[in-house]
Amino acid sequence: MFGSEAFDVSVDSLPDYNLEPEPIIACDSCFQKGVSNVAAVVYCPTCPVKCCPAHQKLHNEVFVSHQSISIEEYKVQAKRLEVKSCATHEELPYTVGCRACHELFCVKCLAGLAQCSKGKAHQLLPIDDLFEELLKLIDQLSAEALGKEKIISTLIKKISVSISNYEEDTKEMVKLVHKTKEQQLNAIRAHYAKLESQLVKKRKKTQDELVDYAENNLGQSLAKLTQYRLCIQSGRKYCHKVDIIKSFKQTKDNIQSLTKKDLSPLRIQSVKLKLPDHPPTLELEMSPIKLINLENPKKSVSPVGKPNPLNICKLMESQQPLVVFSALLSPIHQYEFSPSKNGISVCSSKKKIYVGRNQTIIRIEKGLELGGPVVEGFDEEICHISECCSTFYTLTKKEDTFIVYTHDCNGKPDRRWAVVNGDTTESSMNFVVIDYQLVVPDRPNKMLVVLPTKGGVRKIISCPFLSKGFISIAAVDETSVVINDALSGRLYRLDIHSNVVMWIHHSTDQLLGIHCYKGKYLFAYSKKDGAIKVFDIATGKRFGCLAIDLPKDFLGYDMAIAKQTLAIACGPESAVFLYKIEEQIQK
């Protein structure tokens with residue numbers, strides 16, 4: 001339907017509506033001669049000076065041992081390479097520092113140097129030597145944090161296995177209850193009904209305690225360690241050595257407060273079945289146990305103080321009223337389609353649900369019937385659809401390249417461009433549009449690609465959390481998104497402007513499709529039990545679970561909400577299920 005010439009435009013050639021051309025970095029020697037339009041191509045950190053090709057040749061002949069870097073690398077390292085002047089003598093740079101108190105001095109400061117704040121004479125070192133010495137200590141601290149992460153990750157895996165075994169034991173015990181009940185007199189049948197209810201309820205409570213401990217206690221500790229270690233690594237790479245030296249003590253104290261903090265032991269009650277000699281009926285037997293000993297079993301447990309607050313992420317507190325959702329979502333309608341190679345996707349626009357599959361986007365009308373094609377005739381099969389400000393964004397895949405189309409609300413084509421090379425091992429992929437920007441996960445390269453659709457420069461956000469499994473992403477507001485990494489079990493909120501991770505939730509629920517509801521709640525489909533998990537979008541804490549009746553083997557990979565209607569797109573069979581969301585404010 002659409003000729004390729006109608007979309008013959010790449011993302012790098014999109015018109016620039018907002019930004020002026022980037023100014024050149026002038027050659028220092030030319031600039032001193034009054035010529036400011038000659039671009040530098042290299043930078044010498046030793047001199048320091050920026051050189052054009054002509055002055056580069058002269059510089060290299062005079063200073064043979066100097067190692068220059070390209071001007072592109074200089075742009076990335078500019079903040080780190082700049083010369084920082086003494087706070088007291090602004091015309092001079094820092095030259096030495098104290099190993100004990102980490103104070104920095106220029107040559108003038110040395111004339112009237114006071115005693116070290118540690119009570120002794122200053123242990124002075126050249127600033128480069130002090131910087132290298134502290135980098136080694138920072139690497140040791142990072143290694144300690146990584147070691148603690150591995151311990152916690154191992155414990156989470158052990159608890160996951162214990163939860164699975166616990167479920168199987170519960171099933172076997174319920175079977176025993178049924179078998180014994182049938183051998184008793186009718187007069188005691190009511191006893192077994194009550195016994196079964198108590199058994200399942202109490203063991204479910206214990207199981208919930210295990211899940212809560214793994215996600216909230218261990219998960220939060222792991223998230224703090226991971227976030228702070230990544231923050232240190234980023235600062236080590238991009239921050240100025242002066243800033244690293246000045247913040248070293250705080251960095252060291254924060255890491256040690258996390259790595260030396262003991263993990264509290266997990267204590268639960270064991271709920272078992274016992275068979276007395278007389279009368280021959282089953283009863284519940286409860287005794288306190290410690291299922292998994294996290295520390296030395298002989299070590300006494302004492303209250304642990306809270307670590308110093310870390311300036312890693314925003315501290316989010318939810319001030320919204322507590323909403324109670326109906327525990328069982330009411331089914332409205334279901335639509336089944338022929339299987340599609342890239343699955344099926346849903347989005348909402350102007351209080352209506354839209355379905356994308358094969359090469360067509362259709363709308364679900366008010367009477368629940370399927371309308372005619374809104375957009376059709378794509379050259380490739382649809383992977384994912386989204387909508388922003390009455391514009392449809394459609395992601396398709398051709399060979400190993402993902403392609404984005406845009407259309408207005410009437411289906412009129414606008415643009416087409418390649419986004420990012422696809423992972424050839426998996427054809428499905430999704431994205432979101434916020435504030436006229438496409439946010440696309442790039443799994444193989446562990447990063448997010450942010451593409452301005454109205455002109456501008458693409459932005460790359462490094463995401464070391466990303467695995468090569470199924471990734472789903474949901475828009476929260478104009479600055480942040482929530483990313484679900486199904487393979488690693490990480491669910492986290494990311495500010496795409498500041499690159500700050502606002503919270504991380506470690507889940508054992510095997511989450512797939514996610515969607516933000518009213519900017520306050522996050523709905524996530526759980527492959528483990530086929531239910532919708534509800535999270536507080538401000539804090540990342542889970543506070544609800546909504547039961548749905550999806551048929552067996554149907555998995556919710558994508559979601560959309562229009563008014564109070566929840567649409568779930570399922571695979572591997574192509575189908576869409578509609579449910580009614582019922583809620584009320586708890587007084």
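The values are calculated or read from the model by the stated rules, or taken from the named source; none is laboratory data. Computed from a prediction, not measured in an experiment: that's the story for all the values here. Please note: Cβ atoms are built from the backbone with ideal geometry, for glycine as well, and neighbour counts cover all protein chains shown. Just the protein is used for accessible areas: all its heavy atoms, side chains included, with ligands, DNA and RNA removed. Shrake-Rupley method; radii C 1.70, N 1.55, O 1.52, S 1.80 Å.
Of all residues in segment 473-496 being open to solvent by 40 Å² or more (accessible area, probe 1.4 Å) and under 19 Å from Lys157 (Cα atoms), which is nearest to the chain's Cα centre (by Cα)? Step through it out loud before you land on a result.
First pass over segment 473-496, keeping only residues open to solvent by 40 Å² or more (accessible area, probe 1.4 Å): 477-479, 487-488, 490.
From what is left, the residues that are under 19 Å from Lys157 (Cα atoms) are 487-488, 490.
Numbers: Leu487: 12, Ser488: 11, Arg490: 7 Å.
Here the residue is Arg490.
Would you pick out the residues in segment 221-261 that are more than 23 Å from Ser85 (Cα to Cα), free of Cβ contacts under 8 Å to residues at least 12 places away in the same chain and either assigned to a helix (DSSP H, G or I) or small (Gly, Ala, Ser) (or both)?
Ser234 - this is the single residue of segment 221-261 that is more than 23 Å from Ser85 (Cα to Cα), free of Cβ contacts under 8 Å to residues at least 12 places away in the same chain and either assigned to a helix (DSSP H, G or I) or small (Gly, Ala, Ser) (or both).
Find the residue count for segment 355-370, including only residues that are open to solvent by 20 Å² or more (accessible area, probe 1.4 Å), of a type outside the set (D, E, K, R) and touching an Asp or Glu at 6+ places or on another chain (Cβ under 9 Å). Please lay out each step first, then the result.
Quick first cut of segment 355-370, residues open to solvent by 20 Å² or more (accessible area, probe 1.4 Å) only: 357-360, 362-363, 365-370.
Next, only the ones that are of a type outside the set (D, E, K, R) stay: 358-360, 362, 367-368, 370.
With touching an Asp or Glu at 6+ places or on another chain (Cβ under 9 Å) added as a condition, the list becomes 358-360, 362.
Within segment 355-370, residues that are open to solvent by 20 Å² or more (accessible area, probe 1.4 Å), of a type outside the set (D, E, K, R) and touching an Asp or Glu at 6+ places or on another chain (Cβ under 9 Å) number 4.
Within segment 300-311, is even one residue at pLDDT below 80 and surrounded by 14 or more Cβ atoms within 10 Å (Cβ to Cβ)?
Within segment 300-311, one or more residues are at pLDDT below 80 and surrounded by 14 or more Cβ atoms within 10 Å (Cβ to Cβ).
Could you list, in sequence order, all residues of segment 422-445 that are open to solvent by 40 Å² or more (accessible area, probe 1.4 Å), modelled with pLDDT under 80 and not charged (D, E, K, R)?
Thr424, Thr425, Pro444, Asn445
When you go through (1) in contact with a Pro (Cβ under 9 Å, 6 or more places away or on another chain); (2) in a loop (DSSP other than H, G, I, E, B); (3) at pLDDT below 90 one by one for His66, which number turns out not to apply?
The number of the failed condition is (3).
Just one of (1) at negative phi; (2) open to solvent by 30 Å² or more (accessible area, probe 1.4 Å); (3) over 28 Å from the mean Cα position of the chain (by Cα) trips up Ile151, so point out which.
(3) is the only condition that Ile151 fails.
Determine, yes or no, whether Ser574 is closer than 22 Å to Asp208 by Cα, open to solvent by less than 40 Å² (accessible area, probe 1.4 Å) and either among the polar types (S, T, N, Q) or at pLDDT below 85 (or both).
No: the conditions fail for Ser574.
Across segment 26-67, which residue is surrounded by the fewest Cβ atoms within 10 Å (Cβ to Cβ) among those that are basic (Lys, Arg) and in contact with a Cys (Cβ under 9 Å, 6 or more places away or on another chain)? Steps first, answer last, please.
Narrowing segment 26-67 to residues basic (Lys, Arg): 33, 50, 57.
Narrowing further to those that are in contact with a Cys (Cβ under 9 Å, 6 or more places away or on another chain): 50, 57.
Details: Lys50: 23, Lys57: 10.
The residue in question is Lys57.
Could you grab me the full set of residues in segment 554-578 that are more than 15 Å from Ile344 (Cα to Cα) and free of Cβ contacts under 8 Å to residues at least 24 places away in the same chain?
Passing the criteria: only Gln564.
Hey, can you tell me all the residues within segment 490-522 that are in contact with a strand residue (DSSP E or B) (Cβ under 8 Å, 6 or more places away or on another chain), modelled with pLDDT under 85 and small (Gly, Ala, Ser)?
Ser507
Restricting segment 191-250 to residues that are within 16 Å of Lys150 (Cα to Cα) and small (Gly, Ala, Ser), which is most open to solvent (accessible area, probe 1.4 Å)?
Within segment 191-250, the match that is most open to solvent (accessible area, probe 1.4 Å) is Ser221.
Could you say whether any residue in segment 14-33 is within 30 Å of Val107 (Cα to Cα) and at pLDDT below 90? Spell out how you get there, then give the answer.
So the first thing to find is which residues in segment 14-33 are within 30 Å of Val107 (Cα to Cα), and the list is 27-29, 31-32.
Checking which are at pLDDT below 90 leaves us with none.
No, because not a single residue in segment 14-33 is within 30 Å of Val107 (Cα to Cα) and at pLDDT below 90.
With respect to Lys118, is the statement that it is under 37 Å from the mean Cα position of the chain (by Cα) and of a type in the set (D, E, K, R) true?
No, not satisfied.
Of Asp253, Asp262, which residue is surrounded by fewer than 16 Cβ atoms within 10 Å (Cβ to Cβ), of a type outside the set (Lys, Arg), at pLDDT 75 or above and within 30 Å of Glu167 (Cα to Cα)? Reasoning before the result, please.
Values: Asp253 fails: within 30 Å of Glu167 (Cα to Cα).
After ruling out the rest, the residue left standing is Asp262.
For segment 85-101, which residues satisfy the criterion of being open to solvent by 60 Å² or more (accessible area, probe 1.4 Å) and touching a helix residue (DSSP H, G or I) at 6+ places or on another chain (Cβ under 8 Å)?
Thr88, Arg99
Residue-by-condition table, conditions (1) assigned to a strand (DSSP E or B); (2) within 24 Å of His505 (Cα to Cα):
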residue	(1), (2)
Lys533	yes, yes
Ala538	no, yes
Asp549	no, no
Lys552	no, no
Gly556	yes, yes
Met559	yes, yes
Ile568	yes, yes
Phe577	yes, no
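Among the residues of segment 496-529 satisfying the criterion of being free of Cβ contacts under 8 Å to residues at least 24 places away in the same chain and in a loop (DSSP other than H, G, I, E, B), which is nearest to Asn484 (Cα to Cα)? Quick ask: steps written out before the conclusion?
To start, the set of residues in segment 496-529 that are free of Cβ contacts under 8 Å to residues at least 24 places away in the same chain comprises 497-498, 518, 526, 528-529.
Add one more test, that the residue is in a loop (DSSP other than H, G, I, E, B), and what stays is 497-498, 518, 528-529.
Working: His497: 19, Ser498: 19, Lys518: 19, Lys528: 15, Asp529: 17 Å.
Per the criteria, the residue is Lys528.
So which strands (runs of 3 or more DSSP E) stay within segment 333-446 end to end and still have 1 or more residues that are of a type in the set (Gly, Ala, Ser) and in contact (Cβ under 8 Å) with a residue 40 or more places away in the chain?
344-349, 381-388, 413-421
Which of (1) under 21 Å from Ser472 (Cβ atoms); (2) touching a Pro at 6+ places or on another chain (Cβ under 8 Å); (3) not aliphatic (A, V, I, L, M) is the odd one out, the single condition His407 does not satisfy?
So the condition that His407 fails would be (1).
Given the conditions (1) in a loop (DSSP other than H, G, I, E, B); (2) touching a residue at least 12 places away in the same chain (Cβ under 8 Å), which single one is not true for Lys75?
Condition (1) is where Lys75 drops out.
In segment 113-138, what residues are open to solvent by 70 Å² or more (accessible area, probe 1.4 Å) and part of a helix (DSSP H, G or I)?
Once the filter is applied, which keeps residues that are open to solvent by 70 Å² or more (accessible area, probe 1.4 Å) and part of a helix (DSSP H, G or I), segment 113-138 yields Asp128, Asp129, Glu132, Lys136.
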